[in-house]
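Colleague: Attaching a single structure in structure tokens format; questions to follow.
A short reminder: the numbers here are calculations on the coordinates, not readings from a lab. This one's a predicted model, so the numbers in the text were calculated from it and none came from an experiment. Methodologically, a virtual Cβ is constructed for each residue, glycine included, from the backbone with ideal geometry; neighbour enumeration extends over all protein chains shown.
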Amino acid sequence: MYAIIYIIGIFLRYAIIVSMRFSKTFVKTLREAPKDETAKNGALLTRAGYIHKEMAGVYDYLPLGLRVLENIKTIIREELNKIGCEEVLMSSLQNPEPWEKTGRFSDQEVDIWFKTELSSGGTLGLAPTHEEPITELLKSYISSYRDLPLYVYQFQTKFRNELRAKSGILRGREFLMKDLYSFHTSEEDLNRFYAEVEKAYGRIFERLGIGDLTFETFASGGIFSKYSHEFQTLLPVGEDTVYYNADKSVVLNKEVLNPEVLTDLGVSREDLEENTAAEVGNIFKLKFKYSEPLGLKYIDEKNAQKTVYMGCYGIGVSRLMGVIAERFADNKGLVWPESVAPFKYYLVGIGENGNRVAEEFYAEHKTETFFDDRDSRPGEKFADADLIGLPYRLVISDKTLAENSAELTNRQTGESKLIKLSEI
């Protein structure tokens, strides 16, 4: 039943936005980025019509940008579902009560809250994360050891009052995040699932096209663990500094670079290379950090009341889009990996017969094709194809049709070849 619902959902998503003719979309490309958009990812995504900046750290995702986000979400969703996770959608507005029990509604403890006063009295917050509300919610559904383990995730907009929102969509005040929370009867079971998530994250980043650039790093662990783990993608404009040995089997964040950690990991400072990176994911063994103050308990096999063990696991979805855009762009524009690209082909028809056959191709391959059907010069279309960055540019012209072919250009390599229409 779940598989049927999932397939229907994918069909409906594509049914809504399959038709993408350049002449019919309201989105236009720009020759220059807005002056206040200095980050490469933000500038290119704006110029190519993927996003629109509302204000510092706040962006709208336009039709092409939304498709990229949905493709990233689909990959994450598939890998999490494989390991038994269930998807939910929680509210952004936050009741202060559970947060007050953990001390995190205080602006002195958490200084990134957006809060609003109700006309009837009282204060609500916009969620920067969801540890407290998910723990409070599951008090209604977890009572026995038979209810555990449980793994719950969501794709949710988060709000953080960053003092310096910058770097395009790499650091925003409003952003899309995947947050997963796990609940267990023992530390051993928490460790088991933690390892499963580590592997799932590796598969996710590999499928997103950044597997060879993304590494699991040692980071500070907080209250209950000596270390947590972050997933960092090497990026020249990244805000974090990482250190790694020759084979990258040991990677650590600058915040934990000290003699004790080096001894623990069996490496010396002289063996480590320094680089900049952007954090795209993190995982924490929370243990009782939230379940204890919020009273999330279960009855074990011996009828004794026990506190639930917890873990949390995040991935910045919109940040990933920015990282991929930033990492693979060249001097012509964006270069999307095929797994996340909004469409596979950028279709151009040239000449009377070329336009006619391009129309026929588009009619058969709408879900894969962005059709530049504008009454514009070929050079302008080719420039926009490079800027938008789809994996392949497909040109059907009177010249190529003389050989019953189309010209296929790989955006990443720049290589072009004639391909028979029947083989596309």
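Colleague: With viscosity set to 1.002 mPa s at 20 °C, what whole-number translational diffusion coefficient in µm²/s follows for the range 345-423 from Stokes-Einstein and a Kirkwood radius over Cα pairs? Each step should come with its number before you reach the end.
Modeller: Numbers: Rh = 12.3 Å.
Diffusion coefficient, whole number: 174 µm²/s.
Colleague: Another question, if that's okay. Any chance you could give the angle, 0 to 90 degrees and rounded to 10, that helix 187-207 forms with the longest Cα principal axis of the chain?
Modeller: For 187-207 against the chain, the angle is about 10 degrees.
Colleague: Got a sec? How would Trp336, Trp113 order by Cβ neighbour count within 10 Å, fewest to most?
Modeller: Taking fewest neighbouring Cβ atoms as first place, the list is Trp113, Trp336.
Colleague: Relative to the longest principal Cα axis of the chain, at what angle does helix 63-82 sit, 0 to 90 degrees, rounded to 10?
Modeller: The angle comes out near 50 degrees.
Colleague: Hey, if you drop one equal point scatterer on each alpha-carbon of the range 133-179 and run the Debye formula without solvent, what base-10 log of I(q)/I(0) do you get at q = 0.22, 0.27 Å⁻¹?
Modeller: Debye intensities relative to I(0), on a log10 scale: -0.81, -1.01.
Colleague: A follow-up question, please. What are the residues whose amide H is under 5 Å from the amide H of Leu235, where those residues sit 5 or more places off or on another chain and H is modelled from the backbone?
Modeller: For Leu235, the qualifying residues are Thr276, Ala277, Ala278.
Colleague: What list do you get for Val317, Val88 if you sort them by fewest beta carbons within 10 Å?
Modeller: Numbers: Val317 21, Val88 13.
Ordered by Cβ neighbours within 10 Å, fewest first: Val88, Val317.
Colleague: While we're looking at this one, here's another question. Could you sort out which of Lys24/Lys53; Lys24/Lys73; Lys53/Lys344; Lys53/Lys417; Lys199/Lys287 sit more than 28 Å apart by Cα distance in this structure?
Modeller: Values: Lys24/Lys53 22 Å; Lys24/Lys73 26 Å; Lys53/Lys344 26 Å; Lys53/Lys417 38 Å; Lys199/Lys287 20 Å.
The answer is Lys53/Lys417.
Colleague: Could you work out the relative contact order of the chain, using alpha carbon pairs under 8 angstrom and six or more residues apart, expressed as a whole percent?
Modeller: Details: 795 pairs, mean separation 69.3, N = 424.
It comes to 16 percent, rounded to a whole number.
Colleague: Helix 317-328 sits at what angle to the longest principal axis of the chain, using alpha carbons and giving 0 to 90 degrees rounded to 10?
Modeller: The two axes meet at around 50 degrees.
Colleague: A further question follows. For the pair Asp398 and Ala56, what calculated FRET efficiency results from E = 1/(1 + (r/R0)^6), where r is the Cβ-Cβ distance and R0 = 45 Å, to the nearest 0.05? Mind showing how you got there, number by number?
Modeller: Values: r = 49 Å, r/R0 = 1.09.
That pair, Ala56 with Asp398, gives E of 0.40.
Colleague: Between Ser106 and Glu198, what is the label-to-label distance in nm when each label sits 7 Å out along the Cα-to-Cβ direction?
Modeller: Those two pseudo-labels are separated by 3.5 nm.
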